[in-house]
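Worksheet for the structure shown next.
The values are calculated or read from the model by the stated rules, or taken from the named source; none is laboratory data. What you are looking at is a predicted structure, and each value in this text was computed from that prediction instead of being measured. All Cβ positions, even for glycine, are placed from backbone atoms using ideal geometry, and neighbour counts span all protein chains on display. Accessible surface areas use protein heavy atoms only, side chains included; no ligands, DNA or RNA. Shrake-Rupley method; radii C 1.70, N 1.55, O 1.52, S 1.80 Å.
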Amino acid sequence: MSLKQKSRLPQILMLLGVLSLGAVFLFPLWQITLDAAQFPGGLKMHIWINKISGSEKNIIQNINILNHYIGMQYIEPDSIPELKYFPLVAYSMMAIGLISLVLNKAWAYLSWFIIIAILGALGIYDFYLWLYDYGHNLDPKAPIKVPGMTYMPPLLGEKDLLNFYVTSYPHLGSGFLGLSTLLSFAAFWVKRKS
Amino acid sequence: MKTHYLNYVAGLSLIFLMASCGNQGSETSQVLGGSAAEQAYVAPGEYDEFYAFMSGGYSGQITAYGLPSGRLLKEIPVFSKYPENGYGYSEETKAMFNTSYGEVPWDDSHHIELSQTDGEFDGRWLFVNGNNTPRIARVDLTTFETVEILEIPDVAGLHCAPFITENSEYLVSGTRFSVPIPQKDVPIDTYKKNFKGLINYVSVDPEHGHMELAFQIEMPGFNYDLARNGKGKSHGWSFLTTYNSEQEHSLLEVNASQKDKDLMAVINWKKAEQYMKEGKFTERETSYFHNLMNEETSIAESEEKTLTKILDPKECPDMVYFIPVPKSPHGCDVDPTGEYIVGNGKLSADMSVYSFDKIMKAIEEKNFDGEFDGIPIISYEAALDGIVKKPGLGPLHTEFDGRGNAYTTFFISSEVVKWDVASKEILDRQSTFYSPGHLVIPGGETKKPDGKYLVAMNKITKDRYLPTGPELAHSAQLFDISGDKMKLILDFPTKGEPHYAQAIAADKIQPNSVKFYDIENNKHPYATLGESKTRVERDGDEVHVYMTAIRSHLAPDNIEGFKVGDKVYFHLTNLEQDWDVPHGFAIQGATNAELLVMPGQTRTLLWEPKRPGVFAFYCTDFCSALHQEMSGYARVSPKGSNVPLKWGLNEKLRENEQAAHDFYEKAKQNANIGK
């Protein structure tokens, strides 16, 4: 009885891992908050696996209007290819996760864990590149030019950018992504122990 | 200060000597202690507890104040054109001023009535009367904008309006001056024979708030002054004071003040509804205008109406009664229970309080003292509940605190008096500075008053503030009425001449306040939904500029090809979708006004260039750091010149829409090259 239960545990853990990964469609991965005196409550931008939203419906337009004064490029979700193929990657990983669950082999869980961990790290690196590009690739004809100033928001942390105090932290979606990674590793661990 | 004040008191000493209760209260300097200042203090960044909406009197507008701070929040333009934001000047709002007399750019706004549900304020709409050109306006309290104005036909001086019923079924509106009905050319001294007064019942659509003149009751030629509707048990009845039951037409100050008692009209409007259903009305041809803001296009549309339905009390028994009221009553106020009706005889030494139950009993028992023009006059004694003895001089208006107390303003003795409605005992009196007209307690005329504050609105200012030449702001005094004694805690100047005001808990309005107009719902026929759609079109000598505004530029900002004699319509769409980012538009040589366009909105200014040259236009609202750069040029060529119509924004001027589209597509590609 107890042995049988134990043999099911890796599959349950892996299933939870796959479901956690699915939660990236329900919650944003990252939140960047711009705080300034004239914006009570701050402007909150949410980066999802498949879209960009915010604390208000027109957040992107309103941030773009502010950014154009310092020559930052317009944020146009339609022209960010990652928002289109990242969801496909996530769906694929969910499918592979389910296959590993059917196989119920330690190597399968381990492989999935390694792939998702690498993908997660690559995702964060890609995000960093976008932030770097937005912050450094400025229009030379910008109305406001501050010598030596670039506007890259922090990847993780807080920073003063002109009149804005910018806060950038992972949101719930990243939490679930991390949880998914841990669960797959746990599935591998328990399976190997058994 | 003190000397001036005493001089003033001395100046009115004759009147004050007549007052047996000439208690002039305490000097203000003594009243305003530290704790009083704290009570009216709303710290920076904090909100007031109540909105107070004050009419503007001869300004024709409404002002919204915060209570208890007395801070002015907004002036809402209603009956007067308002060049400050283009209300009445923009093509979209011109129609609001249409009347059967043509465009009337001004009025005299008196009485604020907030919409009610079950006898309580619901925070949806605000109604206010225009006195001179009889009209009623509706303000939407989600946007604080005037969205509807209905003219009332065949009345003169719509003072007795627009008093609301407990579920906003009707706005009861009586004529102040009686006139020949229908209007005709007759000698003035045929008043008694030819002059009549109409009491109008304007229905309010419960979903959209749209007003409609449901019916008119043709009454004897008195002056109908003020009204209130019953509530609770007296719901379905209206009470209207009258003066000049002498039916005089000249030197009214003497001739209309002769009788010991005038008459209060008591109307059973449920009965009137029944007669309407039975078809007991007559129709009369007339002319009046109904102006309504179309919610989708945000353009005011006018409709002339030509028929009214009239009920005659002689043909409709049990619908209208009179009750005698001592000497030229002014206010007529119903307490929160609906049982007590206070008649404020402004020339009387006492105040009469009537009982609704007793009125009903007198009607049932036909306890009448004759009739006037076929309308039964209920016996004064039979209807009377009691008399408030010698409360002061010149009682005008009464409001209630929901704890069984009434508060009445006294114009001549310049005070507010608190008295017990049931026992008629006087509990407190406080001076006001000077000569109050109306007073307001938040919800003070509803079933559930919020009896925390009272504002007295005064008619005379004299030395209250630093002088500003002969013309002074009217003063208002805020009292804390939560204790046994009223306590003066704030004194503040107001705009125009506030007559009545109503105040409502902020939480009934604040959550519904619109931050900006959703551009996706902008159905204005001349809206430009995106910079790539900006263009200029000519149709004969009419030129339409489809212009957009977004921080910090107008598009297009260079336009050529206008000609002297053109009618140029600038249709400006504000593309912003954020809170508090209006853009303005002003152009040199415009003989009308400017535009102030809210985010997501489209507004149109007509410009008729008079001479050749290049004229600047610019945004008038300091919208952003580069607001000063938000400007452009319009080139005007002589009449008959062949300069082509061209426009652009930071580009070679173009002549057609496809070019504009290509330009923006290219700009977009350029923007993406860096990625």
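Points to keep in mind about this one:
- For B:Phe215, net neighbour charge (Lys/Arg +1, Asp/Glu -1) across residues whose Cβ lies under 14 Å away: -2
- Pairs of Lys residues in the range B:522-673 are counted when their Cα atoms are under 23 angstrom apart and they lie 8 or more places apart or on different chains; the count is 19.
- Accessible surface of the protein assembly as shown [probe 1.4 Å, protein heavy atoms]: carbon and sulfur percent: 56 percent
- Residues whose amide H falls under 5 Å from that of A:Leu161, counting only those 5 or more places apart or on a different chain, are A:Val166, with hydrogens built in the peptide plane.
- Here's how it looks for B:Tyr633: its modeled amide H is under 5 Å from those of B:Asn558, B:Ile559, B:Phe617, which are all 5 or more places away or on a different chain.
- Between B and A, roughly 1400 Å² of accessible area is buried in total, ligands, DNA and RNA not counted and the probe set to 1.4 Å.
- Two-decimal ratio, the protein assembly as shown, of alpha-carbon radius of gyration to 2.2 N^0.38 Å: 1.21
- Sum of side-chain charges, A:Leu101 neighbourhood, beta-carbon under 15 Å (Lys, Arg +1; Asp, Glu -1): +3
- Counting only DSSP H runs of at least 4 residues, each contributing -39500 (n - 2.57), and dividing by the residue count of chain B, the helix-based mean residue ellipticity at 222 nm comes to -3000 deg cm²/dmol.
- Less than 5 angstrom separates the built amide H of B:Lys346 from those of B:His330, all sequence-distant by 5 or more or on a different chain.
- Rolling a 1.4 angstrom probe over the protein heavy atoms with all chains in place gives the range B:413-481 an accessible area of 32 Å² per residue.
- Per-residue ellipticity at 222 nm computed for chain A from its helices equals -19000 deg cm²/dmol, with DSSP H segments shorter than 4 residues left out and the rest contributing -39,500 (n - 2.57).
- Size of the range B:203-246 from its Cα atoms: along the principal axes, largest to smallest, the extents are 43, 25, 14 Å.
- A DSSP coil position with no more than 15 other Cβ atoms inside 10 Å describes the following GluC sites (Glu not before Pro) in the range B:164-242: B:Glu207.
- Computed over chain B, the ratio Rg/Rh where both radii use C-alpha atoms and Rh is Kirkwood: 1.04
- Members of B:Lys447/B:Lys515; B:Lys418/B:Lys452; B:Lys196/B:Lys358; B:Lys270/B:Lys358; B:Lys196/B:Lys314 lying beyond 22 Å, as alpha-carbon distances in this model show: B:Lys447/B:Lys515; B:Lys196/B:Lys358
- The residues of the range A:63-92 listed by number as losing at least 30 Å² of accessible area in the complex, against the isolated chain and with a 1.4 Å probe, are A:Ile65, A:Tyr69, A:Gln73, A:Glu76, A:Ser79.
- Vicinal HN-Hα couplings computed from phi for the range B:98-104 (Karplus, 6.51 cos²θ - 1.76 cosθ + 1.60; Hz; Gly/Pro x): 6, 9, 5, 9, x, 6, 10
- The mean accessible area for residues of the range A:2-193, using a 1.4 Å probe and ignoring ligands and nucleic acids, is 53 Å² per residue.
- Karplus (6.51, -1.76, 1.60) ³J(HN,Hα), θ = phi - 60°, over the range B:496-509, in Hz, Gly and Pro reported as x: x, 10, x, 9, 8, 9, 10, 10, 9, 4, 4, 6, 8, 10
- Dipole of chain A [Lys/Arg +1, Asp/Glu -1 at C-beta], most positive-end residue of A:Phe176, A:Ile144, A:Val102: A:Val102
- Here the label points at B:Thr282 and A:Glu82, each 7 Å from Cα along the C-beta direction, are separated by 8.2 nm in the simple model.
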